[in-house]
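*Asks:* Quick one: this structure, given as structure tokens, is what I'll be asking you about.
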Amino acid sequence: MPHALVRPQLLLLPLAGLLLSLLGPGAGAAVRAPDRIDLPDGFQPEGITTNAALGARARFAYLGSLADGDIYRVNLLTGKGRVISQGPGTPSVGLKIDPRGRIFVSGGTAGNARVVDRKGAVLARYRFAKAPTFINDVVLAGRRVWFTDSMRARLYGLPLGRHGKLPKGSAVITLPLKGQWHQVANNFNANGIERTPDRAALLVIQTATGFLFRVNPATGFARRVDLGRTLLTDGDGLLVHRRTLYAVQNQLNRIAVVHLDPAGLRGRLVDRITSSHFDVPTTVARSGRSLYLPNARFSTPPTPTTTYSAFRVTR
């Protein structure tokens, strides 16, 4: 009598069922990232960056504390996190992670910046300015890392060496803003910073006016981006993905979505993203089709027990 033929998939089906029963209910379902990420009480978040530069979809986000400068890492799939780097006692504001896993951190009123690795070790420190100053946000632009100063009409740059080598402190670039840039006294000026879609220039939001500027990184010449009648009032963090600009309008609790031309000379408002969960969001980072924003809660008096969080919205 011939041997019976047994189809391989018939043997695999019971094994697959056994595996799912061992893993527990819902093991076969897709993992959904949480919409709310709780941060430590009293943390006072401002800046956020994800490790999207290390892959197509970010798994981790890093947030800085205005209270004492701590850096907090959170798993975007589980919402769990921990402090990976103790702060210097001065603010950590805007931050960005590069493809080497180094996090560039703006130092706010301390007038400085530092670079830490993904484990929290400090790799370098840089001094930019003395008071009055507020080193606010940062962008990676090829072999330059640029920082804004909200109290002075200038940008500060770190020129990276071969293979991304960090520069010495004496190599810091000071780039005065000129052209159509007019500093507003006793107010926040240069805030969020990004690159134009063609990566040839920088985009800087001026919080005091709601104007968006295209800045030549070689000369500092600032030209106002033509947005028609749109003002980016209370503009804070910026994010450019392809030709779409996401501009956080913190006190208005919304994100302006602007379609830009490649050179970043003009743009058109195409959408506004709002959420009932927003409580003065400041900056924005992405992972796939999701945007993550920390709630700074500037209208709530900060205490050691004040609760803070970050939220996910779909772009």
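*Asks:* LEU175 - would you say it is modelled with pLDDT of 95 or more, among the hydrophobic types (A, V, I, L, M, F, W, C) and part of a strand (DSSP E or B)?
*Replies:* On the way: modelled with pLDDT of 95 or more: yes; among the hydrophobic types (A, V, I, L, M, F, W, C): yes; part of a strand (DSSP E or B): yes.
Answer is yes for this residue.
*Asks:* Let me ask something else. On the basis of being of a type outside the set (Asp, Glu), surrounded by 15 or more Cβ atoms within 10 Å (Cβ to Cβ) and touching a residue at least 40 places away in the same chain (Cβ under 8 Å), does ILE97 make the cut?
*Replies:* yes
*Asks:* Residues of region 241-250 being open to solvent by 20 Å² or more (accessible area, probe 1.4 Å) and part of a strand (DSSP E or B), which ones?
*Replies:* If the condition is that a residue be open to solvent by 20 Å² or more (accessible area, probe 1.4 Å) and part of a strand (DSSP E or B), then HIS241, THR244 are the ones that fit.
*Asks:* So which of PHE134, PHE211 is crowded, with 23+ Cβ neighbours inside 10 Å and among the aromatic types (Phe, Trp, Tyr)?
*Replies:* PHE134
*Asks:* Starting from region 144-155, keep only residues that are under 14 Å from VAL172 (Cβ atoms), then list their pairs with residues that are in a loop (DSSP other than H, G, I, E, B) and among the β-branched types (Val, Ile, Thr) whose Cβ atoms are within a distance under 6 Å, requiring at least 6 positions of separation or different chains.
*Replies:* ASP149/THR133
*Asks:* Considering only residues of region 137-152 that are assigned to a loop (DSSP other than H, G, I, E, B) and charged (D, E, K, R), which is surrounded by the fewest Cβ atoms within 10 Å (Cβ to Cβ)? Walk me through it before giving the result.
*Replies:* Of the residues in region 137-152, the ones assigned to a loop (DSSP other than H, G, I, E, B) are 142-143, 150-152.
Add one more test, that the residue is charged (D, E, K, R), and what stays is 143, 152.
Values: ARG143: 12, ARG152: 21.
Within region 137-152, the match that is surrounded by the fewest Cβ atoms within 10 Å (Cβ to Cβ) is ARG143.
*Asks:* Please verify whether region 221-230 includes one or more residues that are closer than 19 Å to SER150 by Cβ, assigned to a strand (DSSP E or B) and among the charged types (D, E, K, R).
*Replies:* Within region 221-230, one or more residues are closer than 19 Å to SER150 by Cβ, assigned to a strand (DSSP E or B) and among the charged types (D, E, K, R).
*Asks:* Name, by its number, the condition in (1) touching a residue at least 60 places away in the same chain (Cβ under 8 Å); (2) open to solvent by less than 10 Å² (accessible area, probe 1.4 Å); (3) in a strand (DSSP E or B); (4) of a type outside the set (Phe, Trp, Tyr) that does not hold for GLY264.
*Replies:* GLY264 satisfies every listed condition except (3).
*Asks:* Here are GLY64, GLY87, GLY81: which of them is surrounded by 17 or more Cβ atoms within 10 Å (Cβ to Cβ), of a type outside the set (S, T, N, Q) and under 23 Å from LEU155 (Cβ atoms)?
*Replies:* Of GLY64, GLY87, GLY81, the one residue that is surrounded by 17 or more Cβ atoms within 10 Å (Cβ to Cβ), of a type outside the set (S, T, N, Q) and under 23 Å from LEU155 (Cβ atoms) is GLY64.
*Asks:* Could we say that LEU158 is farther than 26 Å from ASP261 by Cα, part of a strand (DSSP E or B) and aliphatic (A, V, I, L, M) here?
*Replies:* So LEU158 passes the test.
*Asks:* From the list ASN295, ASN253, exactly one residue is polar (S, T, N, Q), in contact (Cβ under 8 Å) with a residue 24 or more places away in the chain and open to solvent by 10 Å² or more (accessible area, probe 1.4 Å). Which is it?
*Replies:* Sole residue among the options that is polar (S, T, N, Q), in contact (Cβ under 8 Å) with a residue 24 or more places away in the chain and open to solvent by 10 Å² or more (accessible area, probe 1.4 Å): ASN253.
*Asks:* State all residues of region 267-292 that are free of Cβ contacts under 8 Å to residues at least 60 places away in the same chain, open to solvent by 10 Å² or more (accessible area, probe 1.4 Å) and closer than 13 Å to ASN253 by Cα; if no residue qualifies, say none.
*Replies:* First, pick out the residues of region 267-292 that are free of Cβ contacts under 8 Å to residues at least 60 places away in the same chain: 267-276, 278-281, 289, 291.
With the extra rule that they be open to solvent by 10 Å² or more (accessible area, probe 1.4 Å), the set shrinks to 267-276, 278-279, 289.
Scanning region 267-292 gives ARG272, ILE273, THR274, SER275, SER276, PHE278, ASP279.
The values are calculated or read from the model by the stated rules, or taken from the named source; none is laboratory data. What you see is a predicted model, and the numbers here were worked out from it, not measured in a lab. In this analysis, Cβ positions are derived from the backbone assuming ideal geometry, glycine residues included, and neighbour counts consider all displayed protein chains. All accessible areas refer to the heavy atoms of the entire protein, side chains included, with ligands and DNA or RNA removed. Shrake-Rupley method; radii C 1.70, N 1.55, O 1.52, S 1.80 Å.
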